[in-house]
1. Which number in (1) farther than 20 Å from B:Ala114 by Cα; (2) free of Cβ contacts under 8 Å to residues at least 60 places away in the same chain marks the one condition that B:Val236 misses?
2. Can you find a residue in the range B:764-780 that is in contact with a helix residue (DSSP H, G or I) (Cβ under 7 Å, 6 or more places away or on another chain), within 14 Å of chain A (Cβ to nearest Cβ), surrounded by 18 or more Cβ atoms within 10 Å (Cβ to Cβ) and of a type outside the set (Val, Ile, Thr)?
3. If I ask for residues that are closer than 21 Å to B:Gly513 by Cα and either within 14 Å of chain A (Cβ to nearest Cβ) or surrounded by fewer than 23 Cβ atoms within 10 Å (Cβ to Cβ) (or both), which ones from the range B:736-751 would you list?
4. Kindly check whether there is at least one residue in the range B:409-416 that is in contact with a helix residue (DSSP H, G or I) (Cβ under 8 Å, 6 or more places away or on another chain) and over 26 Å from B:Tyr641 (Cα atoms).
5. Residues being closer than 23 Å to B:Ile707 by Cβ and either of a type in the set (Val, Ile, Thr) or surrounded by fewer than 24 Cβ atoms within 10 Å (Cβ to Cβ) (or both): count how many of those fall in the range B:372-391.
6. Output the number of residues of the range B:533-553 satisfying the condition of being out of contact with any strand residue (DSSP E or B) (no Cβ under 6 Å at 6 or more places or on another chain) and either of a type in the set (Lys, Arg) or modelled with pLDDT of 95 or more (or both).
7. Can you name the number of the only condition in (1) at negative phi; (2) touching a strand residue (DSSP E or B) at 6+ places or on another chain (Cβ under 6 Å) that B:Ala287 fails?
8. From the residues in the range A:146-182 that are part of a loop (DSSP other than H, G, I, E, B), within 22 Å of A:Pro86 (Cα to Cα) and of a type in the set (D, E, K, R), which one is farthest from the other protein chains (Cβ to nearest Cβ)?
Amino acid sequence: MFNFDFVKPSSIADAVAAMAQTGAQALSGGQTLTPTMKQRLASPSVLVSLTGIAEMKGVCLGADGLSIGGATTHATVAAEAGAYYPALADLAANIGDPMVRNRGTIGGSVANNDPAACYPSAVLASGATVVTNKRKIAADDYFVGMFSTALDEGEFITGVTFPVPEKAAYVKFNQPASRFALTGVFVAKYASGVRVAVTGASNNGVFRWAEAEAALSANFSASAVEGLTVSAADLITDLHGTAAYRANLVKVLTKRAVAGAK
Amino acid sequence: MPKDTGIGASSKRREDVRFLSGKGLYTQDIALAGQTYAVMVRSNVAHGKIKSINTAKAAAMPGVLAVFTGEDFKDVGGNPAGWLINSRDGTPMREPKRPVLAHGKVRHVGDAYAAIVAESYNQAKDAAQQLADDTDIEELPAIIDMKAAVANADNRVHDEIPDNVCFDWGWIEDNRAAVDAAFKSAPHVTTLELVNNRLVPNAMEPRASIGEYNTGTGDYKLTTTSQNPHLTRLLVAAFVLGIPENKLTVVAPDVGGGFGSKIYHYGEEAVVLAAAKKLGRPVRWIAERSESFLSDAHGRDHVTKIEMASTKDGEILAIRTETLANVGAYLSNFSTATPTFLHGTLMAGPYKVPHVYVNVKTVFTNTAPVDAYRGAGRPEATFSIERVVDKMCRELGLDAFEVRRKNLLTPDQFPYTTPVGLVYDTGNYQATLDKAIELGDVAGFESRRAASAAKGKLRGMGLSTWIEACGIAPSHLVGVLGARVGLFDAATVRVNATGNISVMTGAHSHGQGHETVFAQIVADKLGVDESSIEIVHGDTSKIPFGMGSYGSRSLAVCGSAMTKAVDKIIAKGKKIAAHMLEASEGDIVFEAGKFSVAGTDKAKTFGEIAFSAYVPHNYPLETLEPGLEETAFYDPANFTYPAGAYICEVEVDPETGKVDIASFTCADDFGNVMNPMIVEGQVHGGVGQGIGQALLENTVYDENGQILTASFMDYAMPRADDVPFYTVDHSCATPCTHNPLGAKGCGEAGAIGSPPAVVNAVIDALHRGGHTHVAHIDMPVSPARVWAAING
């Protein structure tokens, strides 16, 4: 690890100021950034910790839905979101292990947009709004590609607001080593229709499975997706599974998510 | 009634007090005044010619004290292979020099070609990065696939070895014609081609070494993560650096696991010693986990074709195998023994097979060295045999249990000389098979299968009847087979004047629980309290000698040496007692910690005898030396042969291919058991590693020799929820006939016996589910592979 300066602002305004420094890098739970720095693959000159900002922490139900502060840990979401959005709490409760869940944050995960992370599927399937220090970004505009988002340089996530669905479920199939999602599917049923978001499977990062959304919006049952096929064209082939295997998982997990939605 | 102390008691592991309370002392915990930090500079290409290394910039960086390259060690010795194996044509194996630091060429990703020593770790890292930038390596085509390596004479890992073959070994070559004839006339032949997947040992504690040099005395000290400090001393002293053995102390303090990977001497140990001498300051090197993936000796990595000739009703007539065994870029210390004498000699399994022939070609590739890993050759043999037996049963429509019962050796056949050169001394394989069938509730399988089916899961049951040769090893035998060392062990029992006891053992404990078990044995034999005994190990300046811990040898070999030393203590004690009690030595009996005159109430306690030995006022000084300390060396007469039967049940999710272990039952024969709790723990750990190999672990190099599974993000270690609650039994014991404890060893058994049970269970599940086209799936039997097999 290279040397760096460390600041821990207590307000969003102070964080914005700190992020304006040359070589500044936001640090939330550090579950990706810290190992990257230890491997000397990243060398920020200033680390700006976002976890000391009270207004960026917590779970709160408001008029627009369930708002979660960007610096809220997975463990907190798992413990506090269940009463409002059980599928989201369930997702958070199954990220990594207890150490990861007590350090990692929703803002960090959504900003990093790892193609195998769990949270992006919930954000996209819920049609959530990503709130930053500058603006509000709709989920459909936010995820640009693998490790790529609509965030500008120096912009950071202060919170995410999730419209609460009638029913939802997240089903993840673990990559055997990392236990990230080899493929994960988040299904959310709203009065306006069903949204299905898939993580872990695509070379382009999290995506919506439009055919399944249409079929499920018409008939919210596992059998509705039985006849659909998933194209393996843009899906990931790696050590742990081929594109064809992932295509199979997308369908199997979608059916299981629908069956288990609550 | 279970005992609560001594041999056979489940005494709590005394070492766990310090381990669990954070008071263990591992190499990394040792902080020395004036210490410096070494960082290795490792190749990021698999194969390349070192054209130039410009050390000037790195050497001038802040805090840098020294820069070493292969050039600095070109005149010292190589790190040798411990066994000389001859090819079928009688020619000796090819032995390229394994230098301290790569010189001329780099031969695998992670091959260290330079080392930096600096005042701080980060300064050393900075300079290492600079040096890498200032090094010109011309990348050469990587040799990764073994078949291609053997076929392509132009592309060579070592320029002097044209076909990349270390040796082409036949066992037993003289039997080959008879084996071939048996196949020609056999009513049925089953053929199976399989891969025994390469594993990274991943001990909890990465390797670490600290070198010290005393400029006043010329003494060296190496503190290192070793399973055998004396062997490391021998290799460093006699072979590599040429330091006299009596000027080098090797200490292996608390060591966090090894599984074989810490048997061997590695170049970093020589670097820190040479650097300490050059600087006159302690030099420490602590591996990062990612370095462990790149530079620890890996395990397994065989590609095998096995054939089994049988009658139509499943009587095994002959076994024939052809194996390519990867040794990686250099010969690690046991690498030539593992695929040969620890593998080929086991190829009859626990069966009465008249004809067996084994061919092994070991192949150099541009990958990390491969050597013994928990089980070492025996898991590879067991997997091949137990998979092909199962395949034969399926091909012939025979019951897997009955076919094994038909072929297993029976108790009246011992001692039994196998066609591959071993003499099994004792066993009762029917008893362990029956016990496994009972404990695994084989009778109830069908109802469990139906319950799984109701959940949409395919349930299967797999069997493995396994045997191993361990308690390594009789020196006279291994000497004939090519070993360059003896494989005895040693112990000193020192009774102190106040009656408490220090026992110095050659066996090294790196998690096994020796400090508890060895104390139990000595306490039991001497009739004293376990708490009065201290076990000392891991320091060449304190212990007499030792060949270390591996090959399930600590109890069978070192425990036997310790038992012999205790016997000498008792014999001397009798002489002292005879004098004190004014009786003849022949009339003294020793029982329950007391020396007494037979048939009388005249007695002296063990403590009184010890005191007299050190305060010899009433003592036969004219015929007996004072003091009470004895050393014994023990060289085993034979290997020991633990054996057992394992039954695994799995549930397969046919939609995703995910395999869950539903139950795992072990019925083992370890001979006499000293501490049942520790034995159970060893079986749990071994089976856990076997399940890891069967379902999860794999080491993958791409065609350029980049290791794709270089972290826990991609290398899947088994975790608690990957393994079941085991059913473990060791009641069917046939004591070893040739060592004083009757003990066989249990450390590797689980890793040897379990992988085929798991894979057999998966294949069984698929067949029962109608997927009868699936004859085999290579390990790891991952969800993706199972799904592909079902849909293939």
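1. Against the list (1) farther than 20 Å from B:Ala114 by Cα; (2) free of Cβ contacts under 8 Å to residues at least 60 places away in the same chain, B:Val236 comes up short only on (1).
2. Yes - at least one qualifying residue is present in the range B:764-780.
3. Once the filter is applied, which keeps residues that are closer than 21 Å to B:Gly513 by Cα and either within 14 Å of chain A (Cβ to nearest Cβ) or surrounded by fewer than 23 Cβ atoms within 10 Å (Cβ to Cβ) (or both), the range B:736-751 yields B:Pro740, B:Leu741, B:Gly742.
4. no
5. Qualifying residue count, the range B:372-391: 0.
6. Summing the residues that are out of contact with any strand residue (DSSP E or B) (no Cβ under 6 Å at 6 or more places or on another chain) and either of a type in the set (Lys, Arg) or modelled with pLDDT of 95 or more (or both) in the range B:533-553 gives 2.
7. That leaves (2) as the condition not met.
8. A:Glu166
The values are calculated or read from the model by the stated rules, or taken from the named source; none is laboratory data. All figures in this text were calculated on a predicted structure; none of them were measured in a lab. Here the Cβ is made from the backbone with ideal geometry for all residues, glycine too, and neighbour counts use every protein chain on show.
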